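Q: Please read through the structure below; I'll follow up with questions.
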Amino acid sequence: MIKVMTIFGTRPEAIKMAPLVKALEADAQIESIVCVTAQHREMLDQVLELFQITPKHDLNIMAKGQTLSDITSRVLKGIESVLKSETPDLILVHGDTTTTFAGALAAFYAQIPVGHVEAGLRSHNIYSPFPEEMNRSLTSRIAVMHFAATEGNVVNLKNEGVDETLIVKTGNTVIDALKMVIKEDYRFEDDVLNQMDYERYKTILLTAHRRENLGEPMENIFGAIRAIVDRNEGIQVIFPIHLNPAVRAIANKHLKDVERIHMIEPLDYEPFANLQAKVDIILTDSGGIQEEAPALGKPVVVLRTETERPEAVEAGTVIIAGVDKNAIIELTEKLLLDESAYLKMAEAVNPYGDGKACLRIVDAIKAQFSYKL
Ligand code: UD1
Ligand code: UDP
């Protein structure tokens, strides 16, 4: 058996690793172990419950107001003892969070090979997204198996000198996850979401949480949302708000108790994914949503100055608004009030894979460790 330990800690990692954990568990030649850092607590647990994943190890590190050094040091120290007791053949980490980087570093210190899922995304600006661009670049230096979602990601890795034979193009596992939860005629458990009038109002789904947007950029974003709703009686907003208290403070200042702005708690992945399919447009600074929404034919206005996901921009379903208040208002109103502009962007395209990324990753792992089988 090949002993594979998957390490993750935040909501997006959990969503994108869940189908992979399921695929590893289903393979008779693999012993799959899950270690969560719980860099996120509630938002991680939502995903574990949905996909019925029971971690063998839970470092439970989350603290209110945690700094990057707090997360890094707690993950590093916590994983050290887990690796000592488990001695896996391979560690899998995902993407670009601090759990990802610290998990990879802990594995390196234990001289255990690392596979990096969703490898090769680059904005080429080390401070944006911060600290994610550095986290993923450093993880690439440590990894010996690179699972890249797109050809562009493969090229980024090759340009940095990664040996071509160590890269496998797989598609993004987020499409695997999306296919597991999207349902025709989905009914929300929360009746408020069922009863909202999606015919009478154009509906914006909003999410925002990035560290580099905290402060003035986020003030601009929420100020723009408030202005859009004030100026347009036919527009409503649904905003499942991230649990980060720093985000909540700015959001409450601009958006609390405003008519047609529905601030709600973070949704479980299944209702959130199905809500993406129901609304008219999505405004977000999230990475994962830029990959999901194009597959669902929903235009995305990105509330960041750049993206490491150029495939969806090239396909025409994602547009970068930046964090300037007027630019956000202008782009959003154009999309919602000009039908031809909307239809041009509302095409379902999916540059991120066919939903079989996890099987390709499992096959590549088995080929790499075939001597153990
Ligand atoms: C983290 C990742 C980011 C990822 C994002 C996804 C880092 C540095 N950042 O950012 O890459 O895009 O997750 O959401 O790895 N909190 C809770 N409960 C939760 C989750 C968060 O209370 O379930 C609160 C805590 O007070 C915590 C704060 O949110 O201290 C911030 O969480 P943290 O993981 O440090 O940063 P994020 O901004 O969530
Ligand atoms: N998501 C969710 N519930 C919500 C908001 C988002 O399940 O209330 C999902 C979303 O579909 C996507 C992922 O969370 O798969 C994105 O996570 P997040 O925005 O926290 O992080 P990022 O993608 O920016 O790293």
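Q: Inside the range 1-94, counting only helices (runs of 4 or more DSSP H) that do not spill past its ends, which hold 3 or more residues that are surrounded by 15 or more Cβ atoms within 10 Å (Cβ to Cβ), within 16 Å of ligand 2 (Cβ to nearest atom) and at negative phi?
A: On the way: elements: 11-26, 42-50, 68-86.
The helices (runs of 4 or more DSSP H) meeting that bar are 11-26, 42-50.
Q: Oh, and also: Looking only at the range 8-23, how many residues end up being of a type in the set (Val, Ile, Thr) and more than 23 Å from Glu265 (Cα to Cα)?
A: So the count comes out to 1.
Q: Is it fair to say Asp176 is under 24 Å from Phe369 (Cβ atoms), more than 16 Å from ligand 1 (Cβ to nearest atom) and in contact with a Pro (Cβ under 7 Å, 6 or more places away or on another chain)? Lay out the reasoning, then the answer.
A: Values: under 24 Å from Phe369 (Cβ atoms): yes; more than 16 Å from ligand 1 (Cβ to nearest atom): yes; in contact with a Pro (Cβ under 7 Å, 6 or more places away or on another chain): yes.
For Asp176, the condition - under 24 Å from Phe369 (Cβ atoms), more than 16 Å from ligand 1 (Cβ to nearest atom) and in contact with a Pro (Cβ under 7 Å, 6 or more places away or on another chain) - is met.
Q: Could you check how many residues of the range 273-290 are in a helix (DSSP H, G or I) and away from ligand 1 (no atom under 13 Å from the Cβ)?
A: Going residue by residue through the range 273-290, those that are in a helix (DSSP H, G or I) are 273-278, 288-290.
Those left that are additionally away from ligand 1 (no atom under 13 Å from the Cβ): 273-278.
Qualifying residue count for the region: 6.
Q: Return the total of residues in the range 286-307 being β-branched (Val, Ile, Thr) and modelled with pLDDT under 95.
A: Looking only at that region, the number is 2.
Q: Do any residues in the range 300-324 that are hydroxyl-bearing (Ser, Thr, Tyr) have Cβ atoms under 6 Å from those of residues that are part of a loop (DSSP other than H, G, I, E, B) and surrounded by fewer than 22 Cβ atoms within 10 Å (Cβ to Cβ), where the two are at least six apart or on different chains, and which pairs are they?
A: Here the result reads Thr305/Gly322; Thr317/Val349, each pair linking the range 300-324 to a residue that is part of a loop (DSSP other than H, G, I, E, B) and surrounded by fewer than 22 Cβ atoms within 10 Å (Cβ to Cβ).
Q: Quick check on the range 235-251. Is at least one of its residues in a helix (DSSP H, G or I), of a type in the set (D, E, K, R) and within 16 Å of ligand 1 (Cβ to nearest atom)?
A: yes
Q: What number of residues in the range 13-72 are more than 10 Å from ligand 1 (Cβ to nearest atom) and among the charged types (D, E, K, R)?
A: Qualifying residue count for the region: 8.
Q: Can you pull out every residue in the range 213-234 that is part of a helix (DSSP H, G or I), touching a helix residue (DSSP H, G or I) at 6+ places or on another chain (Cβ under 9 Å) and not β-branched (Val, Ile, Thr)?
A: Within the range 213-234, Asn213, Met218, Glu219, Asn220, Phe222, Gly223, Ala224, Arg226, Ala227, Arg231 meet the criteria.
The values are calculated or read from the model by the stated rules, or taken from the named source; none is laboratory data. Just so it is clear, the structure is predicted and the values come from calculations on it, not from any experiment. Methodologically, a virtual Cβ is constructed for each residue, glycine included, from the backbone with ideal geometry; neighbour enumeration extends over all protein chains shown.
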